[in-house]
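Q: There's a structure below that I have some questions on.
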Amino acid sequence: MHCDDHERARLLMDAARVAGLRPEEQSWLDRHLAGCMECEEFGQETARVLAGLNALSFEPDPAMSGRVRRAVALRARRNPWRRVAWAAAAAVILAAAPVYRNVTERQQARQDELLMERVGARIAQAVPEALAPLIGPGGVSQ
Amino acid sequence: MPAAAMPFPDATPTETQRIARGLRQKDAALIGELVERYQYRLVRYLIYLTGRSDNVEDLVQETWLRVLARGNQYEERSRFEAWLFSIARNLAMDGGRRRQRERLAEPDGRTPAPDTASPFLAAAKGEDAVRLAAALARLEPACREALLLRFQEDLSLQEIAGIVGAPVSTVSSRIYRGLALLRSHWKGGSNAL
């Protein structure tokens, strides 16, 4: 066997665990391991490492799941439609604000126009009345 | 291996349909059932990912609240745990970035004392397990995460790639690297004894 065969065998052993091997690769590996104690030991070492991972125990606080379930139940009980209604009302107000402002501005502008017309009319009436004594009945300024 | 750690056999279509339907309806009772069922595995995943246990309960709770809020996004053709872990991962990453910003914002540059109690050592029973736990604590979180998802959660490379947001090739290399480092630390430890 060549050194490369051992390296190939170790790569294949890892690959078998990670993603699986093609049949021809598995056959080659089986033949190699049948005659190589060193690589066989490498495989067993990897198996012990992985078994060791499974032996670690991360037991959480037994009361944790109860606290988490209560938090979820509390959140789920909030009336979703109330939030939808508030959101809809806010959207209506926000959408209406520029429209209201536009309408108000136009109304104000129209009122300003009417006022100017009245002022203008009063001026048009008042000026001749004020000048009338100066002009006299014949229409010619004395 | 603790019974709670065993991954369930591939969920039948009926089971994933039941879960998907309950999540769409925001069924708190169903979520409560899922909390119990996945408690151990979710805690273990978050410890592997973050390397700490002091904030695990907060992350677990946030994960399930997000499951409740976004249940309509679960696609029943995928395994529920894959979706659950991806949610937990995003929350853990967000929390890590926030803590890093807070540390940088410290006015006098103080950094909070690191969590020195290794959750991996706390999980170890026996001499060999202690040696392995020490090796595990020294791994990069990405490698640790990939090892867990492949060998203890029995997820496919494609499923893992979907959870971590990396190509399958990257996931594969993390697993190979993690295996090599664990073997190296394991042997180094045994030689030292």
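Q: Hey, can you tell me all the residues within region B:41-52 that are open to solvent by less than 10 Å² (accessible area, probe 1.4 Å) and of a type outside the set (A, V, I, L, M)?
A: Result: B:Arg41, B:Arg44, B:Tyr45, B:Tyr48.
Q: Pick out the one residue from A:Ala51, A:Ala63, A:Ala55, A:Ala47 that is exposed (fewer than 11 other Cβ atoms within 10 Å of the Cβ) and hydrophobic (A, V, I, L, M, F, W, C).
A: A:Ala63
Q: Sticking with this one: If we scan region A:78-86, do we find a residue that is modelled with pLDDT of 70 or more and under 27 Å from B:Gln61 (Cα atoms)?
A: yes
Q: Among the numbered conditions (1) open to solvent by 20 Å² or more (accessible area, probe 1.4 Å); (2) under 20 Å from B:Leu121 (Cα atoms), tell me where B:Arg150 comes up short.
A: (2)
The values are calculated or read from the model by the stated rules, or taken from the named source; none is laboratory data. Given the structure is predicted, the values throughout are model-derived calculations rather than measurements. Every residue, glycine among them, receives a Cβ derived from its backbone with ideal geometry; neighbour counts consider all protein chains shown. Note: areas computed on protein heavy atoms with side chains; ligands, DNA, RNA excluded. Shrake-Rupley method; radii C 1.70, N 1.55, O 1.52, S 1.80 Å.
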